[in-house]
């Protein structure tokens, strides 16, 4: 069991429920909940190379770039739309002359490539060799394998005006260490963009342990809005905007229904997704995934 909650520092937890890894192993992993702040964590996830093995699937689209099957096709359609939306968000909330951007966990590099096309000096971090090589070969992006080794170089301190993590923070070990590395790399007036699944969302409440965005054991941390705000404040970041990622609910709901073996998975998943999208229009905290735009709180 984790010894300390990375959000509040508490050392007592209880098991909430167990989730199944539908992508690779079929194994179940417990999710534990902090008794103080309610933060959810995957208990005893595999470490290092053992964890890397859980990403080795052609169905892990952000690494393989596969277009086989209906879910992969839907993923690419939504991704193309969201790349345009992400680039607009970045340009709206950053106002710098030099345009330096670090994309952490770039996957196959489509977003980083789009920013480069817009004239940004783009650098990326990607642990997976296949995805990293794809990003480098197709978009000619300077791509590095590790945030840890990248961030320690003194000449890189405070050099990036924008740092983005699109559904990446939930994968990274050493949560507080990662936040300090990001702070070290960001310029004093820079912007940090963090998009994560929302464990307090409408669809999470519907599917519970079957919610596909728990994605154990690849997702180590399961954020609700209050927890992301607490984590940001702990590292002297202020959240200046929260944005809905409206189409994630459809993909997550469809995956949840399919993983559960529902014969009418597409219809049921679309219906839950539609209800979730409508619910989030009235309450942003019901949205399946949220983007947090942060700046340093001096």
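The values are calculated or read from the model by the stated rules, or taken from the named source; none is laboratory data. Just so you know, these numbers come straight off a predicted model, no measurement behind them. Here Cβ is always computed from backbone atoms with ideal geometry, including for glycine, and neighbour counts include all displayed protein chains.
Okay, here's what the table says:
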{"item": "The stretch 96-127: number of residues that are assigned to a loop (DSSP other than H, G, I, E, B) and over 15 Å from the mean Cα position of the chain (by Cα)", "result": "7"}
{"item": "Helices (runs of 4 or more DSSP H) wholly inside the stretch 182-294 containing at least 1 residues that are under 20 Å from residue 40 (Cα atoms)", "result": "202-207, 225-234, 248-259"}
{"item": "Residue list for the stretch 145-161, filter: in a strand (DSSP E or B) and either out of contact with any helix residue (DSSP H, G or I) (no Cβ under 6 Å at 6 or more places or on another chain) or under 15 Å from residue 113 (Cα atoms) (or both)", "result": "161"}
{"item": "Members of the stretch 1-30 that are assigned to a strand (DSSP E or B) and more than 16 Å from residue 259 (Cβ to Cβ)", "result": "13, 14, 15, 16, 30"}
{"item": "Residue 245 being more than 14 Å from the chain's Cα centre (by Cα) and crowded, with 16+ Cβ neighbours inside 10 Å", "result": "no"}
{"item": "Single match in 278, 252, 240 (criterion: exposed (fewer than 15 other Cβ atoms within 10 Å of the Cβ) and either touching a residue at least 12 places away in the same chain (Cβ under 8 Å) or in contact with a helix residue (DSSP H, G or I) (Cβ under 8 Å, 6 or more places away or on another chain) (or both))", "result": "240"}
{"item": "Residue list for the stretch 22-42, filter: at pLDDT below 95 and within 16 Å of residue 213 (Cα to Cα)", "result": "22, 23, 24, 26"}
